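Peer 1: Here it is, the structure, as structure tokens.
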Amino acid sequence: MPVAKGSRKSLGDLLASRLIPARFLAAQLRRPSGRFGRWVLARGLNDGNAELIDALFEALRLGPGERFLDVGFGGGRALLVASEQTRGALFGADFSPDMVARGHRVFSHLCASGRLNLVTADVVDLPFRDGLVDVVGTTNTIYFWPNLDAALLELHRVLVPGGRIAFGYTGREKMTRFDNITRHGFRCFEPPDLEAPLEGAGFVDVETRALTGRDTQGDYVTMARRSD
Ligand SMILES: C[S@@+](CC[C@H](N)C(=O)[O-])C[C@H]1O[C@@H](n2cnc3c(N)ncnc32)[C@H](O)[C@@H]1O
């Protein structure tokens, strides 16, 4: 799948654009759809979230045979990275039918070989059996989950005992730069707002890394483990 940078609009360009109505952009970030979602936003997400996604995998350190689930995969960059790091089965769930259809197209080789299974589903109700995967990753999605506690319980269910989970997100303070967009229904987080619910859902070894890159200051990766 092509993820290289080119003449495309970066996510920063999109967020800063005054030409795109903020309410429309907020709705698209929550659930990309139509031509804008498929052709503009999905690519912008892949480019704009690349550093955060790389940081998430650096923290997760996928083993060569581990099974991986990406929730809210959007443009699919994290699935591409995962496919290079593990030979294990890959799963993607996204509640945008357009992102799932696009995923089937760009990852047709992986889907056809049975290595990747993409489903249209809400994080609170995943069509996967208990203990299906060793690792769950999700980036820039939690702002849109209306019931975080229910989502964490569902992710706990699909993880194997001892399995790992990681969340990549932009902190509330940095998000204030994009107030014009985030005021349309985003829930913003600082690490304790995620760490405490993770412990409440039965996860252990909860820990957060603050990213320090030029563009990633104010972003976080929070990790946890399902107890054995
Ligand atoms: C801002 S995009 C992030 C995409 C990708 N993870 C990335 O970092 O580039 C948010 C994605 O999460 C999906 N999403 C939002 N809420 C969801 C939910 N409740 N269940 C499943 N997917 C969800 C959206 O459809 C969208 O594709």
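Peer 1: Can you work out ³J(HN,Hα) from phi for every residue in the stretch 116-133, in order, using Karplus 6.51 cos²θ - 1.76 cosθ + 1.60 and θ = phi - 60°, giving whole Hz and x for Gly and Pro?
Peer 2: 10, 10, 10, 9, 8, 7, 7, 4, 7, 8, 8, x, 10, 6, 4, x, 6, 10
Peer 1: Let me ask something else. So how much slack lies between ARG157 and ARG129, counting 0.36 nm per residue of separation and subtracting their Cα-Cα distance, in nm?
Peer 2: 9.3 nm
Peer 1: Taking every DSSP beta bridge that has both residues in the chain, what percent is antiparallel when rounded to the nearest 5?
Peer 2: Expressed as a percentage, antiparallel bridges in the chain total about 40.
Peer 1: Something else now. Please state the equivalent ellipsoid semi-axes for the stretch 114-153: what are the square roots of 5 times the Cα gyration tensor eigenvalues, largest first, in whole Å?
Peer 2: Semi-axis lengths for the stretch 114-153 are 19, 12, 11 Å.
Peer 1: Counting only helical runs of four or more DSSP H residues, what would the 222 nm mean residue ellipticity of the chain come to if each run contributes -39,500 (n - 2.57) and the total is spread over all its residues?
Peer 2: Helix-only estimate at 222 nm: -10000 deg cm²/dmol.
Peer 1: What GluC sites (Glu not before Pro) does the stretch 58-134 have in DSSP loop regions with at most 10 other beta carbons within 10 Å?
Peer 2: none
Peer 1: Another question, then. Between PHE189 and residues 5 or more places away or on another chain, which pairs have amide H atoms under 5 Å apart, with H built 1.01 Å from N, and which residues are they?
Peer 2: So PHE189 has HN proximity to ARG172.
Peer 1: Here is a further query. Across every pair of different alpha-carbon atoms, what Kirkwood hydrodynamic radius in Å does the stretch 60-136 reach?
Peer 2: This gives a value of 12.3 Å.
Peer 1: From zero up to wherever the largest Cα-Cα distance of the chain sits, split into 5 Å bins and tell me the percent of pairs in each.
Peer 2: In order of increasing distance, the bins hold 1, 7, 15, 20, 22, 18, 11, 5, 1, 0, 0 percent.
Peer 1: Which order do the peptides 167-176, 44-53, 206-215 take when ranked by the mean count of other beta-carbon atoms within 10 Å per residue, highest first?
Peer 2: Listed from highest to lowest mean packing, they are 44-53, 167-176, 206-215.
Peer 1: A further question follows. What list do you get for TRP39, TRP145 if you sort them by fewest beta carbons within 10 Å?
Peer 2: If I rank by nearby Cβ atoms, fewest first, I get TRP39, TRP145.
Each value in this text was obtained by applying a stated rule to the coordinates, not by laboratory testing. Model, not experiment: these values are computed from the prediction. Backbone-built Cβ (ideal geometry, glycine too); neighbour counts: all protein chains shown.
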